[in-house]
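Presented below is the structure to which this report refers.
The numbers here are math on the coordinates, done by the rules we state, and not lab data. Here the structure is a predicted model, which is why all the values come from computation and not from measurement. Neighbour counts are summed over all protein chains in view; Cβ atoms, including those assigned to glycine, are modelled from backbone coordinates with ideal geometry.
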Amino acid sequence: MAPRTEARLEEAVDWFLRLNDPSADDALQEAFREWLEQDPENPRAWENARRAWRTLGQAAPVLEAAWPVAAAAPAAGSAPPPPVPRRRRAMPALLAAFAVAALVFLTGPHVMLWLRADYLTRTAETRTIELEDGSVVSLAAQTAVDIDMSGQKRRVRLLAGEAFFEVAPDPSRPFVVTAGDVRAKVLGTAFNVRMSSEATRIDLVHGSLRVAAGRKTTLSPGDSVTVSHDTGRMRRGHLPPDEIASWRDGRIFVEDAPIAAVVEQIQRYHRGWIRLSGDTLGRQRVTGLYDLRDPDSALRALVQPYGGQVRQVSPWLVILSGGPAS
């Protein structure tokens, strides 16, 4: 599938979920009309999304009658939409709108990580690795690392996900962990590193840790530092050391975190694709402890205090919707 077509399908999926949310209003529908007119491919992608919904066994969306008509006359000079192909040929297109985006989550780390990683984990899988120097690396779900212990080197590159490091002391061989543009250098300590779509976070359990990401800072036990991928901004925080890397016990503790960021963490332990409908719910901030061993219950505990709902569309698709009015 061409990248342009794939991008349009992903946009159509997003519009479908937003319009199917009870909070959809006239302003959203007007924005949707504008999106339909921006590109001749958009109405086609939209129709694929609607048909994919029915292929998954769903009834017509409750608010469908109020939606703008996607099959409006094409703009002057644009080609008319092609005829609908026979069902057996159309099936991939019917599922594409949801399958293209969901496939990223259902297959675990991106296929390129397989070529770069020495160790990786799949959805809901954790793994502990003992290195030749006696250090121990614990990998959370959907995590990939590249390790170099040759000569005087002790280097680990976190390619995706989250890992906890218990570093064996060796003053002659500093232990270096990199995650994107963030670099942590230690002689012997225990700390956690997590990469998300928006930032890299490091939490220190004990010892001392020097972190470099544009500028440098030193962490003490309980300290954390979060570095934005977009701006490089470094933000410090503090967390009780016994709550750091709680994922090793099958739970996560978050403090003043947006729901969208917590959903991203839970996603690594859920075998389906979790989709937030709209931005309002995802922006709400939460503090709490969530059970990764039962990710569906964790999702309900996460969104229900804000009026959010968890809808299991199929074993492979979960939609979070509702929440405070925009």
Dmax and Rg, reported as Rg then Dmax, of the range 111-241 (C-alpha, Å):
13.8, 37
Whole-percent pair-distance distribution, where bins are 10 Å wide, for the alpha carbons of the range 190-267
18, 53, 28, 1
Quick check: pseudo-label points 7 Å beyond the Cα along Cα→Cβ at residue 210 and residue 146, how many nm apart are they?
2.4 nm
Over all directions, the range 250-322 yields a Cα convex hull whose mean projected area in nm² is 4.0 nm²
How much length is gained if the chain between residue 181 and residue 196 is pulled fully straight, taking 0.36 nm per residue apart and subtracting their Cα-Cα distance, in nm to one decimal?
4.1 nm
Please order 147, 244 by the number of other Cβ within 10 Å, starting at the fewest.
147, 244
Difference of contour (0.36 nm per residue) and Cα-Cα distance, residue 38 to residue 294
88.0 nm
How large is the dipole of the range 187-250 about the Cα centre if only Lys and Arg carry +1 and Asp and Glu carry -1, each at its Cβ, rounded to the nearest 20 debye?
340 debye
Just name one of 315, 281, 295: the one whose Cα is farthest towards the positive end of the charge dipole of the range 250-322 (beta-carbon charges, Lys/Arg +1, Asp/Glu -1).
315
Taking 0.36 nm per residue of separation and subtracting the Cα-Cα distance, what length does fully extending residue 26 through residue 316 add?
101.3 nm
So what J values fall out for the range 33-48 if you push phi through Karplus, 6.51 cos²θ - 1.76 cosθ + 1.60 with θ = phi - 60°, rounded to Hz, Gly and Pro as x?
4, 5, 5, 4, 8, 6, 8, x, 6, 5, x, 5, 4, 5, 5, 5
Residues with amide H under 5 Å of residue 154's amide H, sequence separation 5 or more or different chain, H placed in the peptide plane at 1.01 Å from N; which?
176
Considering only DSSP beta bridges with both partners in the range 250-322, what is the antiparallel share in %, to the nearest 5?
75 percent
